Structure formats: C-alpha cells, structure tokens
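Read the structure below first, then the notes.
Please treat every number below as a calculation from the coordinates, not as lab data. None of the values given here were measured: they were computed from a predicted structure. Cβ sites come from the backbone with ideal geometry, for glycine too, and all protein chains shown count toward neighbours.
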Amino acid sequence: MSALITLKGVSKSFPNGEAMIDALRNVDFELHPGELVALTGRSGSGKSTLLNVCGGIDRADVGAVDVAGRSLVSATPTELAEIRRDHLGIVFQQLNLIPSLTAAENVALPLELGGERVRSARSKADEALASVGLGDRPDHFPDQLSGGERQRVAIARAIVGTKRIILADEPTGALDERSGDQILELLRAQADAGLAVLIVTHDRALAGLADRVVDLRDGAISSVVERPGVDLELTELWS
Ligand SMILES: Nc1ncnc2c1ncn2[C@@H]1O[C@H](COP(=O)(O)OP(=O)(O)O)[C@@H](O)[C@H]1O
Ligand SMILES: [Mg+2]
C-alpha cells in the first residue's frame, strides 16, 4: 500500500546560541496504513523533531515531506492546517484535555471547531471513545478519570472522525506499567484497524507490538528493525 507519510532527505537545524544544532540529518522515512512504528533513541537524538516534522508542527529545512499525498513543504499555513485537521491525529505529551468539558465534549471539540454540527460531532465522539474502550464513560470529567483513561481520551480526540494517522510522543511516559501496556495495545489495535501509527517510546513492551523500530542517533537513523517481536522469538528458538 502507498505510504501515508513520506520523508525524503529531511534535515532540520535549530539555533543554539551562535551555533546550530542538527536535530535531523538527511532522514528518509515512510509510514504505511496498518503499521505501528516506534521511534527510539537517546534524549536529544531527534525523535520529537521527526514526529513534529511529520505532523507539520516543525518545518523541514531541506527535503520532501508528504502526508496523505500532499506536500507539507509547499503547503500554505491554511493548507497545512487543513491537512492536519483531515489526516493527522496528534497526541501531545501534555494531554491538553479541557477540565471543564466531559470526555465526550473534549473528543467532539475538534470536530465542532471544524464546523461540524453538535449532534453529529457527539455521535462521532462516542464512537471514538468506544474504540478506545471508554464507551461507558462519555460524561466523566478529566479529573474523574485515571491517568490511563485520560490518555485514552486524548487518543480518542486525536483519531475522532476520519483520521488515518496517529502521531504520539511518549504516550506511556507518565503512566504506570499496566496502564502503559494497555495504551500500547490500544495503539496496536488502531494499527490493526488500518491506521498508520507512529510513536516515540522507550517502552520495552513495544518490542512485541511494533512492526518496525527506528532508532535515531544524533539526528540520523542509525538502525531499523522489522518485526522485532518475531525476531526475538526466532532468536529464542535458535539459542
Ligand atoms: N525548538 C527548539 N529550539 C532549539 N533546539 C531544539 C528545539 N527543538 C529541539 N531542539 C534540539 O534538537 C535536538 C533534538 O531534539 P528532540 O527532537 O527534542 O530530541 P528527542 O525528542 O529525541 O529528545 C536536541 O539537541 C534539542 O535540544
Ligand atoms: Mg522528545
């Protein structure tokens, strides 16, 4: 299947005092429908920058960035906003849920801001909440939910409507192990349902769940491991 995200020869630097830091160096990357890809690497290796370039939050200095068949590099700010609204579900590290809105209202909000009628937005929000296992909690407020449940609401809000891509930066970072595992399994299920999922994570549980683990070092891709879980089992068979 054709890629939903394609990066070719992408570089990105940030000013650091007088000097520049090369956050990404000549990165080629593809993300396909149905795939769960994990980005790993040390702190400062460029993981968040890569995710942000895919999401149109950071602009590449050099190279091509295509999302759902459209170039982010040549997009105007309005077009960029449109591409993000139609295709990209982004789960931020700080979840940004609005405390005075219920789970369903939080999830429906981006649709309503996009001009959708309240009733139709609400029914899509209920669907999205059901798909993250929160079908029974639409009327709870964020402070009535556990950390893992709040993370699910943030994921539901990211994928509500017809989004086909999820980008999540360390979505399990603030959770205990069990809730973290549930979030990873949920993201795996979204990929199995056909979405393209890219996450930054150090979580070891991911080895068995990711289709690909892409490791960054100093802004460049240093290794790519396909189906790490399967490899792991093979290694065990041979040892
Ligand atoms: N907005 C920014 N301004 C200046 N430097 C930045 C900015 N964002 C990232 N960097 C630098 O780029 C490098 C890569 O950062 P980042 O992508 O956040 O790494 P990671 O997510 O792997 O920890 C780091 O050296 C970081 O300090
Ligand atoms: Mg980061």
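Looking at the stretch 62-122, which trypsin sites (Lys or Arg not before Pro) are DSSP coil and have at most 13 other C-beta atoms within 10 Å of their C-beta?
117
Regarding the stretch 1-69, what's the average projected area of the Cα-atom convex hull, expressed in nm²?
4.9
Given +1 on the Cβ of Lys and Arg, -1 on the Cβ of Asp and Glu, and no further charges, what dipole in debye does the stretch 85-165 carry about its Cα centre, rounded to the nearest 20?
260
Using alpha carbons only, how many angstrom separate the centre of the stretch 36-68 from the centre of the stretch 76-94?
14
Which of 133, 180, 56 moves the most in a Gaussian network model of the chain with Cα springs under 10 Å?
Residue with maximal mean-square fluctuation among 133, 180, 56: 133.
Once Lys and Arg get +1 and Asp and Glu get -1 on their Cβ, which of 17, 118, 67 lies farthest toward the positive end of the dipole of the stretch 1-118?
With unit charges placed on the Cβ atoms, the residue in question is 17.
At a Cα cut-off below 20 Å, give the lysines reachable from residue 124, other chains included and same-chain residues fewer than 8 away excluded.
Partners within reach: 163.
Over all distinct alpha-carbon pairs, what is the Kirkwood Rh of the chain in angstrom?
Taking every pair of different Cα atoms in the chain, averaging 1/r and inverting gives 18.5 Å.
Could you work out the helix-only [θ] at 222 nm for the chain, with each DSSP H run of four or more residues adding -39,500 (n - 2.57) and the total divided by the number of residues, to the nearest 500 deg cm²/dmol?
Rounded to the nearest 500, the figure is -11000 deg cm²/dmol.
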